[in-house]
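**Student:** Before anything else, here's the structure in question.
What follows draws every value from the coordinates through simple rules; no lab data is involved. Since the model is a prediction, treat every value here as computed from it, not as a measurement. FYI the Cβ positions are ideal-geometry reconstructions off the backbone, even for glycines, and counts take in every protein chain you see.
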Amino acid sequence: VVANLSKLHPKDMENPEGGVDDMIKLEYLHEPGTYTGNILIAINPFQRLSHLYDASMMKRYKGAPFGELSPHVVANLSKLHPKDMENPEGGVDDMIKLENLHEPGVLHNLATRFKINEIYTYTGNILIAINPFQRLSHLYDASMMKRYKGAPFGELSPHVFTIADVAYREMINEGKSNSILVSGESGAGKTETTKLLMRYLAYLGGHTAAEGRTVERQVLEVSWMI
């Protein structure tokens, strides 16, 4: 059985005694060395190695090209998630404008806009809304609805009214049913967002009274179904 295992996993004879710092350098890349490249493998030393994480080490790795220094968690993170250097300070209103579209970049852009009270951001024709946990009534008053009515997509700042307006216009112009999907985790603001959509659609539908009730009132009365 020993000879058989030796045959299945041949030894790299030209590797240095201390091993290689990146396992893509192995001549034979089999199971014991599967994870390589830009993935960092860390083995718990079961002891404190404070010299690896002090200020001098952070200064040494700051800005160093990936692979130039010994493997380290700092170098790995820098390689995996490059920063967009040309983005404006307030972030971008549509994340397809990001040079590097990855999760940390998306979260950073959303956080940057949230700090300046911009809770809406586009990703193409998808609207991302961040719950502000406060009332922003100025974003949803009559003047704002009038402003977004009929405005082309992308002409104004990202807003839930734009999504409703586009769906309504396509329904009217093409004579086809449209749907708007509102999704998110618990507490994300799905119910409030849906109410805002219904309010805007009621505004677009007019205020003609029928059986003593306006169109807006009839639409809003179904809010219990949310």
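**Student:** With the crude spin-label approximation of a point 7 Å out along Cα→Cβ, what separation in nm comes out for Lys176 versus Ile130?
**Tutor:** Spacing of the two 7 Å Cα→Cβ label points: 3.5 nm.
**Student:** Please compare each pair in Lys97/Lys195; Lys149/Lys190; Lys62/Lys97; Lys115/Lys190 to a cut-off of 24 Å on the Cα-Cα distance and tell me which ones are over it. List each step's numbers first, then the result.
**Tutor:** Details: Lys97/Lys195 30 Å; Lys149/Lys190 22 Å; Lys62/Lys97 27 Å; Lys115/Lys190 21 Å.
From Lys97/Lys195; Lys149/Lys190; Lys62/Lys97; Lys115/Lys190, over 24 Å: Lys97/Lys195; Lys62/Lys97.
**Student:** Now, a different point. Once you place label points 7 Å from the Cα toward the Cβ at Ser70 and Ile39, how far apart are they in nm?
**Tutor:** Result: 2.4 nm between the two label points.
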